[in-house]
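The values are calculated or read from the model by the stated rules, or taken from the named source; none is laboratory data. On a predicted model such as this, the values are computed, not experimentally measured, just so you know. Counting neighbours? That spans all protein chains shown, and the Cβs are built from the backbone with ideal geometry, glycine included.
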Protein chains: 2
Amino acid sequence: MKETWSFLDALEPNFRPLVVIELAKGTKKETIEWFTKRIVDKKANGGAQLLIKPLVTENGDENIYLVGASHLRLLLGAETVGLVKECNDNSMRSFTYSSRKTFKDFADDNHNFLTMSECQYIIKHELENLRARDEKMIPGYPQAKLYPGKSIVRRLLTNGILVQIFPLHDREELKKLRHTWYGRVKIGYQPLDEIRSYFGETIALYFGFLEYFTFALIPMAVIGIPYYVFAWEDYDKYVMFATFNLLWSTVILEVWKRICAVMTYHWGTLLMKRQFEEPRPGFHGALGINPVTGREEPVYSSIKRQLRIYLVSVPFVCLCLYFSLYVMMIYFDLEHWALDYHEENKSTFSSLMLYVPSIIYAVVIEIMNRIYRYAAEFLTSWENHRLESSYQNHLILKVLVFNFLNCFASLFYIAFVLFDMKLLRQSLATLLITSQILNQFAESLLPYWLQKRHVKKMKKHMHSLKTDADLSLVEQVNLEKEMGTYFGTFDDYLELFLQFGYVSLFSCVYPLAAVFAVLNNVTEIYSDALKMCRVYKRPFAEPTANIGVWQLAFETMSVISVVTNCVLIGMSPQVNALFPDSKMDLVLTVALVEHLLLAIKFVMAFVIPDKPREIQIKLAKLEFESLEALKQQQMKVAAESLKE
Amino acid sequence: MKETWSFLDALEPNFRPLVVIELAKGTKKETIEWFTKRIVDKKANGGAQLLIKPLVTENGDENIYLVGASHLRLLLGAETVGLVKECNDNSMRSFTYSSRKTFKDFADDNHNFLTMSECQYIIKHELENLRARDEKMIPGYPQAKLYPGKSIVRRLLTNGILVQIFPLHDREELKKLRHTWYGRVKIGYQPLDEIRSYFGETIALYFGFLEYFTFALIPMAVIGIPYYVFAWEDYDKYVMFATFNLLWSTVILEVWKRICAVMTYHWGTLLMKRQFEEPRPGFHGALGINPVTGREEPVYSSIKRQLRIYLVSVPFVCLCLYFSLYVMMIYFDLEHWALDYHEENKSTFSSLMLYVPSIIYAVVIEIMNRIYRYAAEFLTSWENHRLESSYQNHLILKVLVFNFLNCFASLFYIAFVLFDMKLLRQSLATLLITSQILNQFAESLLPYWLQKRHVKKMKKHMHSLKTDADLSLVEQVNLEKEMGTYFGTFDDYLELFLQFGYVSLFSCVYPLAAVFAVLNNVTEIYSDALKMCRVYKRPFAEPTANIGVWQLAFETMSVISVVTNCVLIGMSPQVNALFPDSKMDLVLTVALVEHLLLAIKFVMAFVIPDKPREIQIKLAKLEFESLEALKQQQMKVAAESLKE
């Protein structure tokens, strides 16, 4: 049978398994046969022209398949997905097979020209773009309807026939990466280029941002320490600290754009052309004609979607916000009760009890955030967005609004309604520290411990005591397929975003927040690295050129923090003492300063170029070359047309 | 001699003169011969392959030349400049000669496929891109150095050998356009498509914006009238009016983007690819290697330019701003003096005298604006910007900052230092109306009158009493070459920008401003149309897809006006009366409302898409098609590579 699967023998010695396909147990023979045939079939026949091989396990199940591809196929795939690689002249260019000789490190026998994660990304792209032709349904499953152009893999996934597709770890590479990343205690940068070539750009960019953000917080932390140590309470020092913070946060966000441009230029993703976005897997609708592609595919009326958003999602979010405020009021009752209790008893126990409400509230906030996250995902998916990007934007907006209110409402209430700076400082500290501890535990340490236990059990089960490196392919696949799936950088960025809020919104009241943030982030780098390497399945690489909507989110937070800090400073007794006669003058001065700071922020954001000059020149050079090439071509046509 | 000029006979019966080249009197024979040879020479030999014909005037001077081009040459030129035209299937596509049959109204014998202004734009582009090859200098002028790649026309212009290049009017077309545009009294839209095909997109877009802006002001004007008529002074009505104005100004600016996208899509400029920007004519520097193109060309160190900007231009602008404030203080002295005079005399004359300082000040402001404009142009040109766009941005920034302060500083002073609402209303009215009258007079009516007198004199001189339509080509060229040159839409937009400031910054104090603005703009349309058709030389068409930096300028003005209006309302006695006990509460409420309005503005700007859905779909369709074409091509290569 195997010979008919592939014109290149799937068992050829250099078959390198890259991606694992797990089908549901008991999938019909005819379905498997049809699917594998489509995968190995020639491009000209509408196949993916990849290599596939069943993984024979002990109990003889044939529901796991390994996918690979010939070297030539991968190079052509690199052209299809639009990979950008470095040329011999150190410029970055879109890879094409015909110009392959001009690329750095290219040789026909160099199978390392494409990194393993690039190869896996290519295979994923090819599998997802394997489209139905004249099939009306998945053979063997009449309920799984197909229409011309529908992605077969996506249909198999939504119908549960395909359980999962994931890329294989490279045990050797991973060991090396782990060693340089977090294997030894050292002061230094993370190996971002190695992370990128192993996990792809999205994840490398997250770690790059985490590292950059941590470094950027250090000046704030350093300046904040003496305020704590010497208990400075002079208004001028507070004003200086807040002003520095506000301008600094603008500068770091602008500079990040530049650093990000330099990194992604060298990774090639800055130049990568946007691919045409296909409908997301969960999108459904009546078959109709897509006005853009002219193809028959499910269409869903935009008005219906708007109705769902405005009549269901928006009210639901508002209700959740109300509920969050309600919980906050309960917290204040508890706080009040604890204070009364302490006043009455004055014991060590009662003074400890003072911290209990804040800690409970911090835990409740974390729990509510997590529950709301599921609700938001469900709702956004029910809104039935056609594109993954639009789905993501709506999800992020929903989650950000709720998390912002949930985390910061109590602080705003304490600061601007209760005017209690001591309580604000205490709540801020409790919330920040509790949420950091909870996060580190829930995100990395707990899964790591569970995973470790699971591996032990599995190994015991397999009667093997081998170390990781010596595992056979079968054992490796069986271990990895049970690992958790990493659902993207969303939660990691969200955590940083909230941390940024804690640090900047009330920075002039609690300068020590930046110190805790720095300490947390140093361990965060290690625990996130552990999570990526040890806990989760390897994720597919996702090329990206920037941190997307998070840049906007951080910038918005820094604008809000200008307002809060100005108001806080205006409320401080020291500043109030400066205007003993007229509160009016005080408020007007604060408002003026606030507007000036905002204006400076916007001017700075406008004046600092998003890309360093060096990158601008390189981009201009590429653009110039392509325009020149076009002109040359036109000249040739013109010369021929004008010849008489 | 003529035969050697062109392989196509320049005297062929269908030679249609499109562009006029005026050389300096007494230009050397060898220079003329070399220049005309380069113009008619084949593309393959580095020529422009255009047609040229000397204009023989009565006194036998041969310093004026008419340039045209064959139909085929123009079509190929349309491809080079990247013109976008409508196809038979109503989609807009970049014109290419090979796909010419698919375009609407294309026929080999239809010489109207390209509009005359498009042909003139193509010829201008070709002339400007006529580049030196191995010439070291302009023949006959050793001081006019050339280097490979230098634009010959630009060198001839900077050396004064070439006096001017301008496109010819089409008397027939112009008559028709004048008739539909302003020839009859009618209520209706301007013929924007006709204006565009005669004057090009930049000018049509200005008239489109002027018309749109006038319509957009009508609701403000209508709502403003009862405030004046009934002398409403209730705070709630003011608040309503101001709130409406602020949100309305955001909406109109966002909607304009959408309207602009629809217009420029149908004109083809929305899809036009950006051409590579060559150095501007006045740019100079030592010969060096341009890092982008790799060509030898003048380079000028960016640090030197920065030094010039920050050490000379910025201080100079600050000095001018200071001077403008000084003049303002003199105005207030005058005002004070006039008031005293009136108090003493109480006559009709003295009450009229009250308006004199404002009128004088308005005239002085206009004069200062105009003088400063020359200084700004000189300085910006001395800063030696490489690109026209960068030159324009620096010039616009300089002029905007000064004009803003010069026009509005006195109003800010009256409103927020003197707290004199009556004087504010009076000054605003005087400034607005005086500047409108001055502008209409200085921009259109005066030049029209001068031009008319000049034409009469010319005709007398030529002993002819013919009407415009019967003029011979020689007479037409001689008339047109003496007409003034239209230096672009800068001044026109600036006028609208300042008007927008008068209307929106203090709208809640003087609701009638919008009425005057509407009245002014209705006549402005007519006087600007007159100016374009009668006073100035025909300008070259400039393709553009939007109003560029002016969009940003108008948006900034509308943000500033949120702040000023909130403060004005907060200062009004009616609102003050609402907070009899605590001015603090008043100020806090105002600040809160202001922040809310600003937040709403930003959210609205973010939520309203810049392009209508219909245009978005059309753009997505084009992008999809080009991606599909690329994929098809890759598939073909891949199929061949994989064939074994």
So which residues in segment A:325-370 are acidic (D, E) and surrounded by 13 or more Cβ atoms within 10 Å (Cβ to Cβ), if there are any at all?
A:E335, A:E366
Across segment A:461-486, what is the total count of residues that are farther than 23 Å from A:A529 by Cα and either assigned by the TED database to the domain that holds A:V163 or at pLDDT 75 or above (or both)?
4
Being more than 13 Å from A:F113 (Cβ to Cβ) and either of a type in the set (D, E, K, R) or part of a helix (DSSP H, G or I) (or both) is the filter here, so list the residues in segment A:62-75 that pass it.
A:E62, A:R73
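Listed here are the residues, each with its yes/no results for (1) surrounded by 20 or more Cβ atoms within 10 Å (Cβ to Cβ); (2) out of contact with any Asp or Glu (no Cβ under 7 Å at 6 or more places or on another chain); (3) assigned by the TED database to the domain that holds A:Y510.
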{"residue": "A:L177", "(1), (2), (3)": "yes, no, no"}
{"residue": "A:R196", "(1), (2), (3)": "yes, yes, yes"}
{"residue": "A:F199", "(1), (2), (3)": "yes, yes, yes"}
{"residue": "A:I203", "(1), (2), (3)": "yes, yes, yes"}
{"residue": "A:G208", "(1), (2), (3)": "yes, yes, yes"}
{"residue": "A:A221", "(1), (2), (3)": "no, yes, yes"}
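To keep it simple, each residue is scored yes or no on (1) over 24 Å from B:A545 (Cβ atoms); (2) touching a strand residue (DSSP E or B) at 6+ places or on another chain (Cβ under 8 Å).
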residue: B:G26; (1), (2): yes, no
residue: B:I52; (1), (2): yes, yes
residue: B:L66; (1), (2): yes, yes
residue: B:V84; (1), (2): no, yes
residue: B:T102; (1), (2): no, yes
Return yes when B:L627 is surrounded by 14 or more Cβ atoms within 10 Å (Cβ to Cβ), closer than 20 Å to B:M421 by Cβ, in contact with a Phe, Trp or Tyr (Cβ under 8 Å, 6 or more places away or on another chain) and not small (G, A, S) and no when it is not.
no
Given (1) surrounded by fewer than 17 Cβ atoms within 10 Å (Cβ to Cβ); (2) away from chain A (no Cβ under 14 Å); (3) at pLDDT 85 or above, identify the lone condition not met by B:T589.
(2)
Test B:N345 against the stated conditions and say whether it is of a type in the set (S, T, N, Q) and touching a residue at least 24 places away in the same chain (Cβ under 8 Å).
no
Helices (runs of 4 or more DSSP H) fully within segment A:567-644 counting 3 or more residues that are within 30 Å of the chain's Cα centre (by Cα)
A:583-607, A:613-642
Exclusive hit being in a loop (DSSP other than H, G, I, E, B), more than 14 Å from every other protein chain (Cβ to nearest Cβ) and either more than 19 Å from A:L473 (Cβ to Cβ) or modelled with pLDDT under 90 (or both), set A:R16, A:R38:
A:R16
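This table checks each residue for (1) surrounded by 14 or more Cβ atoms within 10 Å (Cβ to Cβ); (2) in the same structural domain as A:H125 (by the TED database); (3) in contact with a Leu (Cβ under 7 Å, 6 or more places away or on another chain).
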{"position": "A:K25", "(1), (2), (3)": "no, yes, no"}
{"position": "A:E33", "(1), (2), (3)": "yes, yes, no"}
{"position": "A:T36", "(1), (2), (3)": "yes, yes, no"}
{"position": "A:D41", "(1), (2), (3)": "yes, yes, no"}
{"position": "A:A48", "(1), (2), (3)": "yes, yes, yes"}
{"position": "A:V56", "(1), (2), (3)": "no, yes, no"}
{"position": "A:Y65", "(1), (2), (3)": "yes, yes, yes"}
{"position": "A:H71", "(1), (2), (3)": "yes, yes, no"}
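Of A:E555, A:E594, A:E542, A:E524, which residue is modelled with pLDDT of 85 or more, farther than 23 Å from A:Y502 by Cα and among the charged types (D, E, K, R)?
A:E542
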The number of residues in segment A:413-422 that are touching a residue at least 60 places away in the same chain (Cβ under 8 Å), assigned to a helix (DSSP H, G or I) and surrounded by fewer than 22 Cβ atoms within 10 Å (Cβ to Cβ) is 3
Failed item, numbered, when B:E135 is tested on (1) charged (D, E, K, R); (2) touching a strand residue (DSSP E or B) at 6+ places or on another chain (Cβ under 9 Å); (3) within 24 Å of B:E62 (Cβ to Cβ)
(2)
The one condition B:G47 fails out of (1) at pLDDT below 90; (2) in a helix (DSSP H, G or I); (3) within 14 Å of chain A (Cβ to nearest Cβ) is (2)
Of all residues in segment A:594-625, count the ones that are within 12 Å of chain B (Cβ to nearest Cβ) and within 29 Å of B:S582 (Cβ to Cβ).
5
Residue that is nearest to the other protein chains (Cβ to nearest Cβ), among those in segment A:76-103 that are within 21 Å of A:E623 (Cα to Cα) and among the basic types (K, R)
A:R100
Go through the residues of segment B:477-491 one by one and say whether even a single one is of a type in the set (K, R), in a helix (DSSP H, G or I) and more than 15 Å from the chain's Cα centre (by Cα).
yes
Considering each residue of segment A:367-402, count those that are within 17 Å of the chain's Cα centre (by Cα) and of a type in the set (S, T, N, Q), and give that number.
4
Qualifying positions in segment A:288-321 - exposed (fewer than 11 other Cβ atoms within 10 Å of the Cβ) and more than 14 Å from every other protein chain (Cβ to nearest Cβ):
A:L311, A:P315, A:L319
Tell me which of these A:N576 doesn't satisfy, since it passes every other one: (1) surrounded by 17 or more Cβ atoms within 10 Å (Cβ to Cβ); (2) more than 10 Å from every other protein chain (Cβ to nearest Cβ).
(1)
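When you go through A:E555, A:E628 one by one, which is the residue that is farther than 30 Å from A:V401 by Cβ and either within 12 Å of chain B (Cβ to nearest Cβ) or without any contact (Cβ under 8 Å) to a residue 60 or more places away in the chain (or both)?
Working: A:E555 fails: farther than 30 Å from A:V401 by Cβ.
Answer to the selection: A:E628.
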What about B:T564, is it more than 9 Å from chain A (Cβ to nearest Cβ), under 22 Å from B:M263 (Cα atoms) and among the hydroxyl-bearing types (S, T, Y)?
no
